[in-house]
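Undergrad: Here's a structure for you.
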Amino acid sequence: MLAVILDLQLTNWKVRDKSPPGPPEVRRLVNEALMKYFEMTRDSLLAGIELAEKAASIGPDNARAKRTLSITISMGVAFGSLPREPGQIERAVELAEAAVRAVPDDEIARCILSFALESSGRIDEAIAECQYAISLNPSYPTGHGDISMLFALRGQVSEAVREANEAIRLGTHDVIDFWRHHGLVVALFAGGDDRRALEVARKVVRTKPGFVRGALYWAAAASATGNNEEASRAIHHCLSQLPHLNMANVCPGFVPRYVKDHHHARFLEMLSRAGLPAS
């Protein structure tokens, strides 16, 4: 049943998985890990990591197991399931690199590597991986969604908005549609379109309340538009999820840093105005 659900998801994305599935037990563990990944809560991501670790230990050369462990680790850090420690992201990068070496034309692995590179602040390298994934499969919504976020972080607002809208069009309201809308928020905020950023950020938080990155942009956009009460409410929502969140660890940490200093400074200023604690 899990395999059928995942195959249907790939069909919707117009993706044919090019990485060998491996022996039955590895395949089962990978599929279970991915189902936990797609739930995208802090608890489900921890469960996904545990399942992917088992798959990788049984099939240490299996590319699917490696890329699955990579993305569950990277997303676990993004959701606050795992502490942001130097070794976590480096391991995610190494696992994804190994999956790409094993199957170079696997667009899924390319995007997973891109996300791990983004998490380590290697934005230009991450963009190159996304571009390669899109060249392999122009209809893959994750490629367009991930590169929209990267363009946004680099301050290429028009490119980011274009790619986010293309990802949303291709994604057909699937389980990670909130992530593509979040990429649009990051781009709109960088471009100073704070009202539109706030509208889309509200949608992201309604769809995925446990996604603290989304709630942080909700707070920043609300603050930037003068909705101070809403901004304060957004910060309280963030702190209810991650009580230790503060100005010292938020970015880079839970949120990737904008490349340009003025975008980064403005984001932090709005979070401070919204009431994020200093430490």
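Undergrad: Restricting the first residue to segment 79-99 and requiring it to be touching a residue at least 60 places away in the same chain (Cβ under 8 Å), which pairs with a second residue that is among the aliphatic types (A, V, I, L, M) and in a loop (DSSP other than H, G, I, E, B) meet a Cβ separation below 9 Å and a spacing of at least six or different chains?
TA: What qualifies is Phe79/Met40; Gly80/Leu242; Gly80/Leu245.
Undergrad: Something else about it: If I ask for residues that are assigned to a helix (DSSP H, G or I) and touching a Leu at 6+ places or on another chain (Cβ under 7 Å), which ones from segment 248-278 would you list? I'd like the intermediate steps shown before the answer.
TA: Of segment 248-278, the ones assigned to a helix (DSSP H, G or I) are 250-254, 261-274.
The answer is Val250, Cys251, Phe254, Leu271.
Undergrad: Within segment 158-193, which residues are assigned to a helix (DSSP H, G or I), among the β-branched types (Val, Ile, Thr) and within 19 Å of Ile134 (Cβ to Cβ)?
TA: Just the residues of segment 158-193 that are assigned to a helix (DSSP H, G or I), to begin with: 158-171, 177-190.
Going one step further and asking which of them are among the β-branched types (Val, Ile, Thr), we end up with 161, 168, 185-186.
The answer is Val161, Ile168, Val186.
Undergrad: Output yes when any residue across segment 192-201 is more than 25 Å from Ile123 (Cβ to Cβ) and open to solvent by 40 Å² or more (accessible area, probe 1.4 Å), and no when none is.
TA: Within segment 192-201, one or more residues are more than 25 Å from Ile123 (Cβ to Cβ) and open to solvent by 40 Å² or more (accessible area, probe 1.4 Å).
Undergrad: Scan segment 40-58 residue by residue and report those that are of a type outside the set (Ser, Thr, Tyr) and open to solvent by 10 Å² or more (accessible area, probe 1.4 Å). Explain how you work it out, then say what you get.
TA: In the first step, residues of segment 40-58 are kept if they are of a type outside the set (Ser, Thr, Tyr); the result is 40, 42-43, 45-56, 58.
Result: Arg42, Asp43, Leu46, Ala47, Ile49, Glu50, Leu51, Glu53, Lys54, Ala56, Ile58.
The values are calculated or read from the model by the stated rules, or taken from the named source; none is laboratory data. Computed from a predicted structure; not experimentally measured. As a convention, Cβ positions derive from the backbone with ideal geometry for all residues, glycine included, and neighbour counts pool all protein chains shown. Each accessible area value is taken on the protein alone, full model and side chains, heavy atoms only, with ligands, DNA and RNA left out. Shrake-Rupley method; radii C 1.70, N 1.55, O 1.52, S 1.80 Å.
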